[in-house]
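Step one of this worksheet: look at the structure below.
The values are calculated or read from the model by the stated rules, or taken from the named source; none is laboratory data. All figures in this text were calculated on a predicted structure; none of them were measured in a lab. Cβ placement follows ideal geometry from the backbone for every residue including glycine, while neighbour counts extend to all protein chains displayed. The accessibility values were calculated without ligands, DNA or RNA, using every heavy atom of the protein model including side chains. Shrake-Rupley method; radii C 1.70, N 1.55, O 1.52, S 1.80 Å.
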Amino acid sequence: SEAGDTPPFSFIEVNCQRLPKPNALYSLLLQGITGKQAAPVQAATMLDSLFGSAANARQPTTVVLLDELDHLVTRKQTVLYNIFEWPTRTKANLVVLGVANTMDLPDRMLPRICSRLGLQRISFQPYLHTQLQEVISSRLAGLDAFDSVAIQLCARRVAAVSGDVRKALHICRHACDLARLDNADKVTLKHIEMAVKQLFANPYVAAMQTLSPTAQLLVLAALQAVEDSGEADVKIDEVTSRATDLSRALGRDAAPWSMVEASIATLFDMQLLAPRGANGCRADRCAPQVQADDVAFALKDDPVLGRMASTLA
């Protein structure tokens, strides 16, 4: 806009992962646009009025970039609906751009939200091992701290699981710590192997690999439900319902209820799921105790469940 190519606009960037709750976005947007502070419920009302007012139509356009958009997904998806409904108003002068790591996010949105999304959907594929190697090498430019084969191993290990460059850099940082403790001049294959083992190969990974397919689907369903709700725990009924839907989507027969109950009991015993409920009452909710990264690593050799888990990692 400084060169006169585009009209003036204001820019607001929000990392949704850092929001305490999805509706906290309302307060951030209100403060960014008007400078006013308000609780989420009041802020939502004020924004709704603002984007329909004639006075706002004369203001410069506001461009909002929402990173980690998938963290706004809840059961009712009210925040997502409002955020993508407001730009459709003629007086809103609002542009919303969403970025998410979850490939199937549009498929998980309610139809009323999808109808308000723009038609342009840009999918970024996970990094290949060659691309990860290039990123790591660029970060290490001018430093003789890593053996080249160590960088290659790190890139290949991460590409085989999720292709997440952040995980690759995390492994490199941990490998550096291990090399320092080892009084080594460089990070070698040994340090990368140790870092991968410590960061990925934990008891949860081994436990996931020993589970029945029904139990593995229940863990995936629980992780998905927690991510969508934004809560730390979810109803067990919701988990079993999602697991049934996943099973049918994979072309599998739904497991009998007795097997589902036995699998849930097993997951509680193995502490992969933690039971939640009122004191003295039977647990009606559960909380995943395993990280999505660990599940993705454990199921990486399963072409279907591995890919499904990697979308949550």
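Details
- Tally of residues being among the acidic types (D, E) and in contact (Cβ under 8 Å) with a residue 24 or more places away in the chain across the range 124-180: 3
- Cβ pairs under 7 Å, 6+ apart, first in the range 190-217 and more than 16 Å from H170 (Cα to Cα) and among the small types (G, A, S), second assigned to a helix (DSSP H, G or I) and open to solvent by less than 40 Å² (accessible area, probe 1.4 Å): S212/S263; A215/S263; A215/L267
- As for the range 226-234, it holds at least one residue that is in contact with a Pro (Cβ under 7 Å, 6 or more places away or on another chain), on the phi < 0 side of the Ramachandran plot and modelled with pLDDT of 80 or more.
- When A55 is tested against (1) touching an Asp or Glu at 6+ places or on another chain (Cβ under 8 Å); (2) more than 30 Å from A292 (Cβ to Cβ), only condition (1) is not met.
- Filter result for L65 (over 30 Å from D177 (Cβ atoms) and at pLDDT 90 or above): yes
- Residue match in the range 265-284 (condition: surrounded by 18 or more Cβ atoms within 10 Å (Cβ to Cβ), assigned to a strand (DSSP E or B) and modelled with pLDDT of 85 or more): yes
- Scanning the range 172-198 for residues being among the acidic types (D, E) and closer than 13 Å to R157 by Cβ gives a total of 1.
- In the range 164-178, the residues that are open to solvent by less than 80 Å² (accessible area, probe 1.4 Å) and either closer than 22 Å to Q131 by Cα or in contact with an Asp or Glu (Cβ under 8 Å, 6 or more places away or on another chain) (or both): D164, V165, K167, A168, L169, H170, I171, C172, H174, A175, C176
- Within the range 231-264, restricting attention to residues that are more than 17 Å from Q216 (Cβ to Cβ) and part of a helix (DSSP H, G or I), the residue that is least open to solvent (accessible area, probe 1.4 Å) is E238.
- The lone exception for E85 - which of (1) within 30 Å of R307 (Cβ to Cβ); (2) modelled with pLDDT under 90 it fails: (1)
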